[in-house]
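The values are calculated or read from the model by the stated rules, or taken from the named source; none is laboratory data. Small disclaimer: the values here were computed from a predicted structure and weren't measured. As a convention, Cβ positions derive from the backbone with ideal geometry for all residues, glycine included, and neighbour counts pool all protein chains shown.
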Amino acid sequence: MYINSDQISNYASKFVDVLLDYSPKFISAFVILFIGLYAIRLINRIIRKIMVKRNLDPTLTKFLADILLWALRILLFVTFISKLGIETSSFVAILGAMGLAVGLSLQGSLSNFAGGMLIIVFKPFKVGDTIEAQGVIATVVEIQIFVTKMLTANNQTVFVPNGSLSNGTIINYSMQGERRADLTFAVSYDSDIKKAKEVLLEVLTKNPNVLKNPAPEVFVKNLTTSAIEFSVRPWAKNENYGVVFSQTLENCKTALDEAGIAIQPYTIQK
């Protein structure tokens, strides 16, 4: 095989010329890339500190900071390829088409994203709240962009899509700070109604975990064919609700027994 040394020399010379002509763009593009990445991290850190100082919601702070981070990265990438000499208009068109295709294929995810935005903006609950939604009662651990992470009382982690949360009914047990326990006790018709009310109310007033304001209530709820039903309603702080519920059941049963008041079979409900 014959190799033309002059032709090889010509190709090498052209390659060197192209390399010399292109190297300034190449070097400047990577300088911009490295400086831009450092600047983006610095800006993101400063923005986070500012939002923390202004006492913004932690979930909103993280969400806005992440959006800013990716917006700046995309802008930097477009600047980088533009500096390399690549036509950005066609690239942006391709990126838009890809975004449309991805959006159509991820409609459910976009619904969850929109739901996350609604939750963050309107705040039906926040991290640390105990809520009931989508058949789950749990404490909110983290509000992510697409799902909300919750922890149940038996230490199970549950991820609920934000789209379902934002469109469904949410019961927030923590928002008001106080919660009322609604219990029912059924006693025999042979019992003295006034005495039974006094016994039950005394149990509530002696419990230090039961709030004085709003005041606890005891009243006749219903007269059935076999029993007199009393509604017992103590109030408690959210953190003491479970304790108050359990103590009320136990202490009322003990007090009624000591007073000689017979409890009729009844399923106690919340």
Of all residues in segment 41-51 being of a type in the set (Val, Ile, Thr) and modelled with pLDDT under 85, which is farthest from Arg73 (Cα to Cα)?
Ile50
Take Leu165 and decide whether it is outside any strand (DSSP E or B), of a type outside the set (Phe, Trp, Tyr) and more than 34 Å from the chain's Cα centre (by Cα).
no
Within segment 110-125, is there a residue that is of a type in the set (A, V, I, L, M) and not in a helix (DSSP H, G or I)?
no
Of the conditions (1) modelled with pLDDT of 70 or more; (2) closer than 30 Å to Gly163 by Cα; (3) surrounded by 14 or more Cβ atoms within 10 Å (Cβ to Cβ); (4) among the β-branched types (Val, Ile, Thr), the single one that Val78 does not satisfy is (2)
In segment 216-233, residues that are closer than 14 Å to Gln264 by Cβ and without any contact (Cβ under 8 Å) to a residue 24 or more places away in the chain total 3
The one condition in (1) free of Cβ contacts under 8 Å to residues at least 24 places away in the same chain; (2) surrounded by fewer than 19 Cβ atoms within 10 Å (Cβ to Cβ); (3) not in a loop (DSSP other than H, G, I, E, B) that Asn213 fails to fulfil
(3)
Do we have Lys149 as surrounded by 15 or more Cβ atoms within 10 Å (Cβ to Cβ), modelled with pLDDT of 90 or more and not acidic (Asp, Glu) here?
yes
Kindly indicate whether any position in segment 198-205 is under 27 Å from Met175 (Cα atoms) and touching a Cys at 6+ places or on another chain (Cβ under 7 Å).
no
Would you mind finding the one in Val218, Val199, Val203 that is surrounded by 15 or more Cβ atoms within 10 Å (Cβ to Cβ), in contact with a helix residue (DSSP H, G or I) (Cβ under 8 Å, 6 or more places away or on another chain) and part of a strand (DSSP E or B)?
Val218
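Of all residues in segment 1-29 being surrounded by 12 or more Cβ atoms within 10 Å (Cβ to Cβ) and farther than 21 Å from Trp70 by Cβ, which is modelled with the highest pLDDT? Steps first, please.
From segment 1-29, those surrounded by 12 or more Cβ atoms within 10 Å (Cβ to Cβ) are 22, 25-26, 28-29; that's our starting set.
Within this subset, residues satisfying the condition of being farther than 21 Å from Trp70 by Cβ are 22, 25-26, 28.
Values: Tyr22: 67, Lys25: 72, Phe26: 74, Ser28: 78.
Restricting to residues being surrounded by 12 or more Cβ atoms within 10 Å (Cβ to Cβ) and farther than 21 Å from Trp70 by Cβ, the top hit is Ser28.
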Give me the residue from segment 221-270 that is assigned to a loop (DSSP other than H, G, I, E, B) and touching a helix residue (DSSP H, G or I) at 6+ places or on another chain (Cβ under 6 Å) and, out of that set, surrounded by the fewest Cβ atoms within 10 Å (Cβ to Cβ).
Ala259
If you go through Glu217, Glu198, the only one that is of a type in the set (Asp, Glu), under 17 Å from Ala255 (Cα atoms) and touching a Ser or Thr at 6+ places or on another chain (Cβ under 8 Å) is Glu217
